[in-house]
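What follows is one structure encoded as structure tokens, with my remarks underneath.
The values are calculated or read from the model by the stated rules, or taken from the named source; none is laboratory data. The structure presented is a predicted model; accordingly, all values stated were derived computationally and were not measured. Backbone-built Cβ (ideal geometry, glycine too); neighbour counts: all protein chains shown.
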Protein chains: 2
Amino acid sequence: MKVAKQKSEELARLAALVRQMKIGMLTTIEPDGSLRSRPLETVEVDREGRLWFFTQAHSPKSARAEAGDHQVNLSYADPRDEDFASISGTARVVRDAERMRELWTANLDRWFPRGLEDPDLALLEVRIDKAEYWDEPRNENVKIGTLAPRQA
Amino acid sequence: MKVAKQKSEELARLAALVRQMKIGMLTTIEPDGSLRSRPLETVEVDREGRLWFFTQAHSPKSARAEAGDHQVNLSYADPRDEDFASISGTARVVRDAERMRELWTANLDRWFPRGLEDPDLALLEVRIDKAEYWDEPRNENVKIGTLAPRQA
């Protein structure tokens, strides 16, 4: 997993937590209004603080992102160390073969057995609108970091 | 944490994963349409498969549940063992002093330092509409367990 130098100390701490936990739970709103989450392995936090994942472009979560229903939550949890992060963001599917080659690592084949040859393989980019993290046990409502005001 | 005998093998396996990870990330839809999550310690999985948590009744997540915006997701993640669960459910706030005394344990005071004396203390009940879990690394879209069809 690649982590670029971040623009602020808060983003750097968040990126360090993401690197530590690596697999986030991505929550989306389903067509029936329910909220669904699934594990996704983070492959990069870029210099703009955006998070990158591989996805399958025909999968429901990508269809949602492509259809314009972009609001997502990414949660990272390590219940043993009691580290937690919540990222509220906007997701979009990116079909860029060069970028995929750049971000692909061999261990990803357990999620995507057909690898870069898979015609449905795509990237999911999540831009952070706001985030919170909990470094250790605290009252659940303490915001340790709010990274950026939500853009209306 | 209390775990009652469950009605099916799938619910029993899900309850065992919840017990193992114990702290879930509860995702709700915020008034601005963004999705936000926060850690919550599970105190019981009852015989109906409902999950119980302590909450503060003035907190934003409870206000949402009381205002009728009930759709939530609970995710449980153990990135080291690669165990993950997603629960799509309906949340409501329950103010029941007797039930709170029954479910309270001393270690909860790190989240709720005023304990049972806190006038804002309440319970959050989550009924499961559907759920999935991943016991080990697999393709992210494999549903291992779908517990109940969504009630429309």
Restricting region B:7-39 to residues that are closer than 18 Å to B:A85 by Cα and of a type in the set (S, T, Y), which is farthest from the other protein chains (Cβ to nearest Cβ)? B:S8
Single match in A:D69, A:D83 (criterion: touching a helix residue (DSSP H, G or I) at 6+ places or on another chain (Cβ under 7 Å) and at pLDDT below 90): A:D83
Just to check your reading of the model, which residue among B:R110, B:R99, B:R47 is modelled with pLDDT of 95 or more, surrounded by fewer than 19 Cβ atoms within 10 Å (Cβ to Cβ) and over 14 Å from the mean Cα position of the chain (by Cα)? B:R99
Mind listing whichever residues of region B:131-152 are modelled with pLDDT under 90 and not in a loop (DSSP other than H, G, I, E, B)? B:Y133, B:W134
Tally time: how many residues in region A:12-27 are within 12 Å of the chain's Cα centre (by Cα) and among the polar types (S, T, N, Q)? 1
Quick check on region B:50-59. Is at least one of its residues within 18 Å of B:E132 (Cα to Cα) and at pLDDT 90 or above? yes
Restricting region A:24-42 to residues that are out of contact with any Ser or Thr (no Cβ under 7 Å at 6 or more places or on another chain) and assigned to a strand (DSSP E or B), which is modelled with the highest pLDDT? A:T42
